[in-house]
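Since the structure comes first, as structure tokens, the remarks are kept for the end.
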Amino acid sequence: MKLSLPDYTLSRAPWAERTGRMMAIVSVPMVCAVIICASEARCSELQQFAWPVACELGTTCFIQNYVDHDPLDKTLDFRCGHRTYDGHDGTDIRLPDLDVQRQGVEVVAAASGRVAHARDGMDDVSVKVVGKAAITGRECGNGAVVEHGNGWSTQYCHMAKGSLRAKPGDSVSSGQALGLVGLSGNTEFPHLHFTVRHDGKIVDPFASGAAKGECNSGRSLWQPTQNSVSNYPSAEIINAGFADRAVTMEEIETGEVKRSLPGSQSAAIVAYVRAIGLQADDEQALELRSPEGQVVAEYRAPKLPRDQAQYFISAGRKRAGSAWPAGTYRATFVLRRHGAEIARRSFQVDIAQ
């Protein structure tokens with residue numbers, strides 16, 4: 001099915017430009033939004049949206065990018081941060097890795113309405129693999145547009161091939177499944193690109209009514225029950241774990257690394273952490289301790305030279321003896337910004353004899 005509404009376009013690929021060895025996230029204050037209609041026929045109404053992915057924000061899914069509020073060629077999210085990229089017109093809700101995506105995470109209608117456009121059939125494959133030419137004019141990938149009346153519509157992009165459950169003309173209720181989060185179209189990681197429009201104009205659901213160039217203004221359109229979107233963490237850890245060898249960003253993204261846990265005979269024990277939303281000059285440290293509490297390995301990364309959409313660090317040691325001592329190995333990651341701790345994660349792995 002063809003998505004007749006023009007796909008959202010990206011002027012460049014900042015994700016690829018800003019990746020490194022780690023990653024982080026954010027959220028927002030939430031208020032009911034009263035929208036004043038432009039005419040008497042479109043009188044005052046309460047316009048609110050449910051969360052469009054069946055996930056727990058900050059635990060099983062994360063906001064990678066917000067709407068760009070900057071009118072020029074810089075970036076500005078609704079909280080005066082840079083958790084976006086130039087020209088971004090929606091909210092990117094990402095999954096921790098492709099392993100989670102393959103299990104099936106539902107995309108749901110954010111409000112009741114009628115399906116106006118839909119498309120399915122595009123493969124779930126990173127744009128880094130197929131190239132931009134292969135998806136030109138179909139950047140949204142598999143997706144749908146739902147019209148809600150009074151000029152409001154929502155668009156859902158990058159859904160999984162063969163997962164769409166609604167076709168043009170179908171009526172859907174708020175929370176009804178539309179399909180699954182995928183990797184189709186112009187994307188390098190599994191996520192839903194969610195766009196809100198009113199009378200054809202982009203609206204940030206975190207800051208409706210905010211003018212271009214403004215931040216810390218506007219009103220939230222999220223339902224009051226959506227407590228999980230009420231914060232704006234300045235950075236967030238999305239992956240943390242152990243492996244029996246050095247790891248790569250690709251293995252973390254695919255989820256393959258989760259199948260390489262260390263054992264008593266492993267050649268190495270390695271702890272890793274990936275975060276999103278890091279800023280220039282952020283400092284990261286990762287420490288690994290033995291069951292006796294001794295430091296087995298540690299890594300203190302140099303200050304970041306620039307903002308990073310994602311980044312990961314690791315710390316580990318090769319086995320010196322015939323086997324690793326049995327017990328619980330603990331790792332602690334700390335992220336500091338301007339000298340203040342803004343994120344911490346402790347995690348552990350048990351090794352039997």
Test Ala240 against the stated conditions and say whether it is out of contact with any Phe, Trp or Tyr (no Cβ under 9 Å at 6 or more places or on another chain) and at pLDDT 95 or above. no
Looking at segment 278-294, I want the residues that are more than 22 Å from Arg83 (Cα to Cα) and basic (Lys, Arg) and have a partner that is open to solvent by 40 Å² or more (accessible area, probe 1.4 Å) and outside any loop (DSSP other than H, G, I, E, B) with Cβ atoms under 6 Å, at least 6 apart or on another chain. Which pairs are those? Arg289/Val295; Arg289/Arg330
All-but-one check, Ser112 against (1) out of contact with any strand residue (DSSP E or B) (no Cβ under 6 Å at 6 or more places or on another chain); (2) under 16 Å from Phe189 (Cβ atoms); (3) open to solvent by 20 Å² or more (accessible area, probe 1.4 Å); (4) touching a residue at least 40 places away in the same chain (Cβ under 8 Å), failing number (2)
Unmet requirement for Ser220, which otherwise passes all of (1) crowded, with 18+ Cβ neighbours inside 10 Å; (2) of a type in the set (Ser, Thr, Tyr); (3) modelled with pLDDT of 95 or more: (3)
Filter segment 246-267 down to residues that are open to solvent by 10 Å² or more (accessible area, probe 1.4 Å) and not in a loop (DSSP other than H, G, I, E, B) and give me whichever is farthest from Asp77 (Cα to Cα). Arg259
Segment 226-240, subset open to solvent by 20 Å² or more (accessible area, probe 1.4 Å) and not in a loop (DSSP other than H, G, I, E, B), residue farthest from Leu183 (Cα to Cα): Asn227
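Out of the residues in segment 68-84 meeting the condition of being surrounded by 22 or more Cβ atoms within 10 Å (Cβ to Cβ) and not basic (Lys, Arg), tell me which one is nearest to the chain's Cα centre (by Cα). Outline the logic, then answer.
Pass one, segment 68-84, residues surrounded by 22 or more Cβ atoms within 10 Å (Cβ to Cβ): 68-69, 76-78, 83-84.
Retained after the next criterion (residues that are not basic (Lys, Arg)): 68-69, 76-78, 84.
Working: Asp68: 15, His69: 18, Leu76: 17, Asp77: 15, Phe78: 16, Thr84: 11 Å.
Looking at the filtered set, the residue picked out is Thr84.
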Unique match (being over 25 Å from Gln103 (Cα atoms) and surrounded by 15 or more Cβ atoms within 10 Å (Cβ to Cβ)) among Ala343, Ala352, Ala243: Ala343
Go through the residues of segment 199-211 one by one and say whether even a single one is in a loop (DSSP other than H, G, I, E, B), open to solvent by less than 20 Å² (accessible area, probe 1.4 Å) and under 12 Å from Phe312 (Cα atoms). no
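What are the residues in segment 138-165 that are open to solvent by less than 50 Å² (accessible area, probe 1.4 Å), small (Gly, Ala, Ser) and outside any strand (DSSP E or B), if any?
Gly141, Gly151, Ala160, Ser163
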Residues satisfying the stated conditions in segment 166-184, i.e. part of a strand (DSSP E or B) and either modelled with pLDDT under 95 or closer than 20 Å to Leu98 by Cβ (or both): Gly179, Leu180, Val181, Gly182
Among (1) out of contact with any Gly (no Cβ under 8 Å at 6 or more places or on another chain); (2) open to solvent by 20 Å² or more (accessible area, probe 1.4 Å) - the single one Val273 does not satisfy: (2)
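The values are calculated or read from the model by the stated rules, or taken from the named source; none is laboratory data. Since this is a predicted model, take the numbers as computed values, not measurements. We place every Cβ from the backbone using ideal geometry, glycine too, and count neighbours over all the protein chains shown. For accessibility, only protein heavy atoms count, side chains too; no ligands or nucleic acids. Shrake-Rupley method; radii C 1.70, N 1.55, O 1.52, S 1.80 Å.
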